[in-house]
């Protein structure tokens, strides 16, 4: 071999090595995929929306005849409709290895099932198959929900996440504001201001019927008080549920819990926040019982078109505000939804699963699917895409109120997700029961406070004085001790 030929071979070898190093490990050929020996994978999702089913089938078919064909991946999609039902099937399979259903390689499940699968070492990590640059394209909060311990990787691929916003009947809000010009829309930014205006609204509506004492209306309602409790605890930098070093842990910081308890508790016992927890919140608005409520983006179609106030019927006008913060705190908004797990098999099949999922959430049909179901896309670029922009613009131009409402909500919720931090407590076994018990304990504490306020008013005390007196007694300590007792059982 001549020296010249040796140099050429050496340069070629160096080039090949550098190419192998520099090309992301997600390059299909590096995972051993070949179009001549395609890998077959199955994808189980859950949706009762026929349009969503059609869009997913369309994306899968296009993937199989284009990108999938080129890299050697064939996908079969299956719709199981109910997320709770299918999650239970996956749980049974993971625990016992036997189920009547055919469990897929890729599975849409709730986060408690994902936690079970992770603890039993049955699922692959997204961090092992996507590069840091690729992972940076995702909304961080969505990925972090799949990190179950502080030193672990992330195990859930985000797919379908809604968020919570404030739905406001702007007609009634403007009516109140005209009579109380000291308030403006900035009151929706913080919990402290929102509670203050809710109490003022109670007093104002009470004054409209001077012959009936104590019949004021609530200003605000929660569709889920647990969202407020757990999101606020994260916002105050002391999350109740935290990824620990080796296991999920429950952290009860008394000062943080008092700070989230005090303003909302005050609003409840004063009458400014509705205690009708089981009632449908849009119905409360229809009946003139509230001006606004905190609800999911998925429930936008339930926003009422008309309402009654002082025995008069009028049209509503939707206005939307971000989930509030505490003063001088960062913006954190609650999220809910399902994730996707990839069952462990071999590196080639696991790679194929994540490759397909990463492709799926970049498609226009995926953005359309999110818009149809009023959930948020998982990648930053999807929010800024021309397709998403066109969806919103067309919706805002629509004559039908419900189409306009969808555009208003999707646009506002998108900004909330991009500018703030989406958050959901880390799931663990029976975590939904823990959250429900904490919420129940808060309401029990509220009802005890209301009874005490009513007792003081009957004795002739002023409402404001009665509320302040109740706030100064031991009701917070009672609630805190009850939450501690609940936590000890989990």
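Only the coordinates and a few stated rules stand behind these numbers; no lab work does. Since this is a predicted model, take the numbers as computed values, not measurements. A quick note on method: Cβ atoms are made from the backbone with ideal geometry, for glycine too, and the neighbour counts reach across all protein chains shown.
With both bridge residues required to lie in the chain, what share of the DSSP beta bridges run antiparallel, to the nearest 5%?
Numbers: 29 of 46 bridges.
Around 65 percent of the beta bridges assigned by DSSP in the chain are antiparallel ones.
Tell me what the chain gives for mean residue ellipticity at 222 nm when only DSSP H runs of n ≥ 4 count, each as -39,500 (n - 2.57), the sum divided by the residue total, rounded to 500 deg cm²/dmol.
Working: 20 runs with 245 residues, N = 490.
My calculation for the chain gives -15500 deg cm²/dmol from helical runs alone.
First check a/c for segment 380-426, with a ≥ b ≥ c the square roots of the eigenvalues of its C-alpha gyration tensor; if it is under 1.5, answer rounded, and if not, answer prolate when a/b is larger than b/c or oblate otherwise.
On the way: a/c = 3.35, a/b = 1.71, b/c = 1.97.
Here segment 380-426 falls in the oblate category.
Determine, from the Cβ-Cβ distance of residue 149 and residue 478 and an R0 of 25 Å, the FRET efficiency 1/(1 + (r/R0)^6), rounded to the nearest 0.05.
Details: r = 33 Å, r/R0 = 1.31.
Here the calculated transfer efficiency is 0.15.
Sticking with the crude label model, points 7 Å out along Cα→Cβ, report the distance from residue 223 to residue 305 in nm, one decimal please.
Output for this residue pair reads 2.0 nm.
If you rank 232, 207, 429 by fewest surrounding Cβ atoms within 10 Å, what's the result?
Details: 232 27, 207 10, 429 13.
The order, fewest Cβ neighbours first, is 207, 429, 232.
For segment 224-275, what value does the Rg/Rh ratio take when both radii are computed over Cα atoms and Rh is the Kirkwood radius, given to two decimals?
Details: Rg = 12.8 Å, Rh = 11.9 Å.
Checking Rg against Rh, the ratio lands at 1.07.
How are the alpha carbon pair distances in segment 348-490 distributed across 10 Å bins from zero to the largest one, expressed in percent?
Taking all Cα pairs of segment 348-490, the binned fractions are 9, 22, 18, 21, 20, 8, 2, 0 percent.
Among 48, 316, which comes first, second and so on when ranked by fewest other beta-carbon atoms within 10 Å?
With the fewest neighbours first, 48, 316 line up as 48, 316.
With a bin width of 10 angstrom, please list the P(r) values of segment 61-102 as percents of all Cα-Cα pairs, from the 0 bin to the one holding the largest distance.
Spelled out per bin, shortest first, that is 26, 30, 28, 16.
In what sequence do 90, 453 fall when counting other Cβ within 10 Å, fewest first? Kindly include the intermediate steps, with their values, before the conclusion.
On the way: 90 26, 453 22.
Starting with the residue having the fewest Cβ neighbours, the order is 453, 90.
If each residue of separation counts as 0.36 nm, what is the full-extension length gain between residue 176 and residue 393 once their alpha-carbon separation is subtracted?
Values: separation 217, 0.36 × 217 = 78.12 nm, distance 3.05 nm.
Full extension from residue 176 to residue 393 adds 75.1 nm.
Cα-based Rg (one decimal) and Dmax (whole number) for segment 262-336, in Å?
Rg and Dmax of segment 262-336, Cα atoms, are 14.1, 41 Å.
Averaged over every viewing direction, what's the projected area of the C-alpha convex hull for segment 197-318? Give it in nm², one decimal, please. Please report the intermediate quantities before stating the final value.
On the way: hull surface 37.5 nm².
Averaging across all directions leaves 9.4 nm² for the Cα convex hull.
Would segment 165-245 count as rounded, prolate or oblate if I go by the C-alpha gyration tensor, calling it rounded below 1.5 in a/c and otherwise prolate when a/b exceeds b/c, oblate otherwise?
The shape class here is prolate.
Starting from the Cα-Cα distance between residue 469 and residue 384, subtract it from 0.36 nm times their residue separation and give me the gain in nm to one decimal.
On the way: separation 85, 0.36 × 85 = 30.60 nm, distance 5.07 nm.
Contour length minus Cα-Cα distance gives 25.5 nm.
Would you mind pulling out the separation of the Cα centroids of segment 206-252 and segment 362-418, in Å?
Centre-to-centre (Cα) distance: 28 Å.
Based on the mean of other beta carbon atoms within 10 Å per residue, what is the order of 347-356, 319-328, 160-169, 459-468, most packed first?
Numbers: 347-356: 22.6, 319-328: 18.3, 160-169: 24.5, 459-468: 14.4.
In decreasing order of mean packing, 347-356, 319-328, 160-169, 459-468 become 160-169, 347-356, 319-328, 459-468.
Using a/c under 1.5 as the rounded threshold, could you call the chain rounded, prolate or oblate? The axes a ≥ b ≥ c are square roots of the C-alpha gyration tensor eigenvalues, and prolate needs a/b larger than b/c, oblate otherwise. Let's see the in-between values first.
On the way: a/c = 2.42, a/b = 1.89, b/c = 1.28.
It is prolate, given that a/c is not under 1.5 and a/b is the larger ratio.
Whole Å is fine, so just give me how far the alpha carbon centre of segment 422-487 lies from that of segment 189-204.
19 Å
Helix 225-235 against the longest principal axis of the chain: what's the angle in degrees, Cα atoms only, rounded to the nearest 10?
It is inclined by approximately 70 degrees.
Taking only Cα atoms, what is the 0 to 90° angle, nearest 10, from helix 386-397's long axis to the longest principal axis of the chain?
It is inclined by approximately 30 degrees.
Out of all DSSP beta bridges with both ends in segment 166-299, state the antiparallel percent to the nearest 5.
Antiparallel bridges make up about 60 percent of those DSSP assigns within segment 166-299.
Helix 83-96: angle to the longest alpha-carbon principal axis of the chain, degrees 0 to 90, nearest 10?
Value to nearest ten degrees: 60.
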